[in-house]
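Encoded as structure tokens, the structure appears first; notes follow it.
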Amino acid sequence: MKQYSFEKANRSSRRNPEEAKTDLPIMKHNLGISIDDERFDEDLLDLITQVHLNILWYQNKITKETKKRRFFFFASAFLLLLLPIAVFFLATFNGKAESTTIATQITALLAGLIAFQNVVRTWMDVRSGVGIFHEAASKLKKQLFSFEHEWSNQFKRISGPDEINDQFIKEFRSAIKNNIQTAIDTENEERARFFEKSTSFPDIKVGSSLADATKTASGVKRNLGL
């Protein structure tokens, strides 16, 4: 079974007519429209541009944000692996120093790293629109597959393209237009929510963040036996 563009390769465009054309024969097949029947091609291309390509765009954005999150996770894990090494060298190079001095330096180092990590994570949570993109893509997919299911049944009742009358054409085009408008509404809602989220700065309380980080660092220090 052939797949739509958003079901396979990652492609970046949100409004590329050429990409819409690649999905046209697949949609006609799913609806039960003859490939030689071009009466609805222009209408279906408009629908594909507004629905399929938006789903593809959302999925590409979700993939990019997921990669950023994965990088942050592994970078954080790498820092945690470096901490014991840093503690060891700090204690070695300050062998003559008092233990309390070493403990203070280690606590400050750990607190700084943990506070920085918390700030970056908070910023990423605010800037990320993954949840919004997931929701919008899900709505568009549900809308698309409902449309295909409904109208493929309608076309099955017709024995051939010659039996498609003017009333059927009018209703089908009206359904396409309604689905296009619904997709536009979904996109506008997503865009408004994303801009509201992305333009707001995270409420980072430096004092409490450092206090929490210092408390966490002290706990880590005790676990390390320092």
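Under the condition of being closer than 15 Å to D37 by Cβ and in a loop (DSSP other than H, G, I, E, B), the residues counted in the range 146-186 number 5.
There is at least one residue in the range 160-168 that is modelled with pLDDT of 70 or more, among the aliphatic types (A, V, I, L, M) and over 30 Å from the mean Cα position of the chain (by Cα). Within the bounds of the range 157-165, is there any residue that is touching a Ser or Thr at 6+ places or on another chain (Cβ under 9 Å), over 22 Å from T49 (Cα atoms) and in contact (Cβ under 8 Å) with a residue 60 or more places away in the chain? Looking through the range 157-165, at least one residue is touching a Ser or Thr at 6+ places or on another chain (Cβ under 9 Å), over 22 Å from T49 (Cα atoms) and in contact (Cβ under 8 Å) with a residue 60 or more places away in the chain.
The values are calculated or read from the model by the stated rules, or taken from the named source; none is laboratory data. In this text the structure is predicted, and so the values were computed from the model without any measurement. Counting neighbours? That spans all protein chains shown, and the Cβs are built from the backbone with ideal geometry, glycine included.
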